[in-house]
Amino acid sequence: MALPTGLDALIEALRCLPGVGPKSAQRMAYHLLQRDRQGAQRLADSMQYALNNLRHCQRCNTFTEAEVCERCLSPKRDHGLLCVVETPVDMNMMEQTQAYSGLYYVLMGRVSPLDGVGPRELQLERLLARASDGVVREVMLATNFTNEGEVTAHYLGEMLKSRGIRVTRIARGVPVGGELEYVDPGTLAQAVRERKTLTE
């Protein structure tokens, strides 16, 4: 028996979410319709509001309701430091460390030739213009340590260094509180390569 058109469309729409397959989408749809219609309305209203009002910040490329986000306008941030991340979620994680007080540039992706994403799709000329504004003195690359993230960091590093911009890369190593016997060999090897001299 075929599902009502509206229900079928809702299930298909929910499948666009990452990690949501047909059965999960169906469960979500039935839950919203049967048990939480108010929640469904809030979800619909929030999605509509976000689609109508959110845009990309002209300076850092994250989502904002204004032309330039509050973080980019803040006089408390170090405007000479620019951290490049792949997604707004990565930027939020950097903020949670409370170890960085500069500004950001969000790529909204990463170089991934297999997925048809190259430098042009990421609009890297915007990043280059941002990093060459005469204020930025260092660009810190904080892309993920995946194959695509490494390719992206390498490409960005070469592009920025060719313009005389100082480029750094976040380090990899043993996680805080981690015990060596549980750390994978690749991470441990990277920690050895990136070891630092102890100072007094």
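Any chance you could run the full-extension gain for Lys76 through Asn92? It's 0.36 nm times the residue separation minus the Cα-Cα distance, nm to one decimal.
Working: separation 16, 0.36 × 16 = 5.76 nm, distance 1.73 nm.
In short, 4.0 nm is gained.
For every helix of n ≥ 4 consecutive DSSP H residues, a contribution of -39,500 (n - 2.57) applies; sum these over the chain, divide by its total residues, and give [θ] at 222 nm rounded to the nearest 500 deg cm²/dmol. Walk me through the intermediate numbers first.
Numbers: 8 runs with 86 residues, N = 200.
Helices in the chain give a 222 nm mean residue ellipticity of -13000 deg cm²/dmol.
Only Cα pairs within less than 10 Å get springs; with that Gaussian network setup on the chain, which residue of Arg59, Arg137, Arg172 has the largest fluctuation? Of Arg59, Arg137, Arg172, the Gaussian network model singles out Arg172 as fluctuating most. Prolate is the label for the chain. Its Cα gyration tensor axes, ordered a ≥ b ≥ c, give a/c of at least 1.5 and a/b above b/c. Couplings 3J(HN,Hα) for the range 130-145, derived from phi with the Karplus relation 6.51 cos²θ - 1.76 cosθ + 1.60 (θ = phi - 60°), are 5, 6, 9, 7, x, 9, 5, 10, 8, 10, 9, 8, 10, 6, 5, 8 Hz, where x marks Gly and Pro.
Where a Cα-Cα gap under 24 Å defines reach, which lysines qualify for Lys161, not counting those fewer than 8 residues away within the same chain? Counting by Cα, and skipping residues close in sequence, Lys161 has these lysines nearby: Lys196.
Accessible area per residue of the range 1-42 at 1.4 Å probe, in Å²? Provide the component values of the computation, followed by the final result.
Values: 3370 Å² over 42 residues.
Ligands and nucleic acids excluded, the figure is 80 Å² per residue.
Note on the range 1-160: with neighbouring protein chains present and a 1.4 Å probe, carbon and sulfur make up 55 percent of its accessible heavy-atom surface. Comparing Pro113, Pro18, Pro175, which has the greatest mean-square fluctuation in the GNM of the chain with Cα pairs linked when under 10 Å apart? Of Pro113, Pro18, Pro175, the Gaussian network model singles out Pro18 as fluctuating most. Working ranking of peptides 42-52, 183-193 by packing, defined as the average number of other Cβ atoms within 10 Å per residue, highest first, is 183-193, 42-52. Label the range 109-200 by shape, choosing from rounded, prolate and oblate, from the square roots a ≥ b ≥ c of the eigenvalues of the Cα gyration tensor; if a/c is under 1.5 it is rounded, and otherwise prolate applies when a/b is larger than b/c, oblate when it is not. Since a/c reaches 1.5 but b/c is at least a/b, the shape of the range 109-200 is classed as oblate. The order of Thr197, Thr168, Thr143 by accessible area, most exposed first and with a 1.4 Å probe, is Thr197, Thr168, Thr143.
Gaussian network model of the chain, Cα springs within a sub-10 Å range: biggest mean-square fluctuation belongs to which of Val117, Val106, Val139? Looking only at Val117, Val106, Val139, the biggest GNM fluctuation is shown by Val117.
The values are calculated or read from the model by the stated rules, or taken from the named source; none is laboratory data. Values in this document were obtained by computation on a predicted structure and should not be read as measured data. FYI the Cβ positions are ideal-geometry reconstructions off the backbone, even for glycines, and counts take in every protein chain you see. For accessibility, only protein heavy atoms count, side chains too; no ligands or nucleic acids. Shrake-Rupley method; radii C 1.70, N 1.55, O 1.52, S 1.80 Å.
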